[in-house]
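Visitor: My questions all concern the structure below.
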Amino acid sequence: MDIITVQDLCKTFTYSTKEKGFKGSLRNLFNRQIQTKTAVNGVSFTVEKGEAVGLLGPNGAGKTTTLKMLSGILYPTSGSAAVAGYTPWERRRGYQRRFAIVMGQKSQLWPDLPALDTFELNRRIYEIDEDAYRRTLDELTGLLDVRALLQVQVRRLSLGERMKMELIAALLHRPDILYLDEPTIGLDILSQRSIRDFSNITTNRRAPRFC
């Protein structure tokens, strides 16, 4: 059974160019040169329930843009997508409770507060039963070995420790779909291995398919 179906998904961005200096700024003010960049061009694929899929490609290939459309952050220029029966960019509340996204270059944690405060906020946002929340939190912090760090300010954590907290925050409401966008970027090899091992344990997926 397919949980994600993407058909001919496209996304283009428009931007302007400017020559250097003050004269270039004035010229751009009255004669702006508009350029168009195609970030995603006719992408189609399906993902079965329980399957792990990896998107491979060089920088600028459109991997992050594709994930942003599937999570409803961006609207596509054309094409269609159905995820768990929802159209992602309609941003229905039911869909927002079904998925989570972790982006290696962006954080959902408050840097000046302990991660535990963000977890508690997420519990209230997703209306998670307190007993279920505590069981899930205990399970995830045990798997990632970060229980001793729950009350430490996020900005005082190492990058690897912070990414572990990001994963916990994303998984607290036990989503059906987890999008990962370079969650191991900037991490040393041991931290990368720890996060990958954790993903294998928690998802219990078969070998990933790459496209």
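The values are calculated or read from the model by the stated rules, or taken from the named source; none is laboratory data. Just so it is clear, the model here is predicted, and its values are computed rather than measured. With ligands, DNA and RNA removed, areas are computed over all heavy atoms of the protein, side chains included. Shrake-Rupley method; radii C 1.70, N 1.55, O 1.52, S 1.80 Å.
Visitor: Which of the following values of mean projected area of the Cα convex hull in nm² was calculated from the structure shown: (1) 16.5; (2) 11.7; (3) 14.8?
Guide: Step by step, mean projected area of the Cα convex hull in nm² for this structure corresponds to label (3).
Visitor: Shifting gears a bit: Using the heavy atoms of the protein chains and a 1.4 angstrom probe, tell me the accessible area per residue for region 35-86 in square angstrom.
Guide: On the way: 2630 Å² over 52 residues.
Each residue of region 35-86 exposes 51 Å² on average to a 1.4 Å probe.
Visitor: To continue, here is another question. For n ≥ 4 DSSP H runs only, could you compute -39500 (n - 2.57) per run for the chain, divide by its residues and tell me the 222 nm figure to the nearest 500? Working shown, then result.
Guide: Working: 7 runs with 76 residues, N = 211.
Helix-only estimate at 222 nm: -11000 deg cm²/dmol.
Visitor: Further, regarding this structure: Keeping to pairs on different chains or 8 or more places apart, tell me how many lysine pairs in the chain have Cα atoms under 21 Å apart.
Guide: Taking the Cα cut-off of 21 Å, the pair count is 11.
Visitor: Can I ask one more? When a/c is below 1.5 the answer is rounded, else prolate if a/b is larger than b/c, else oblate, so apply that to region 132-180 with a ≥ b ≥ c taken from the square roots of the Cα gyration tensor eigenvalues.
Guide: Working: a/c = 2.25, a/b = 1.36, b/c = 1.65.
Verdict is oblate for region 132-180.
Visitor: Still on this structure, I have one more. Non-local amide H neighbours of Thr12 (under 5 Å, H modeled in plane, Pro and chain starts lacking H): which ones?
Guide: Ala39, Thr77
Visitor: In the chain, what percent of the accessible surface is made up of carbon and sulfur (1.4 Å probe, ligands and nucleic acids excluded)?
Guide: The computed percentage sits at 50.
Visitor: Between region 119-194 and region 8-71, how far is it from one alpha carbon centroid to the other, in angstrom?
Guide: 30 Å
Visitor: Next question. Can you check how the C-alpha radius of gyration of region 75-199 compares to 2.2 N^0.38 Å, as a plain ratio?
Guide: Working: Rg = 15.2 Å, N = 125, 2.2 N^0.38 = 13.8 Å.
Here the Cα radius of gyration is 1.10 times the empirical estimate.
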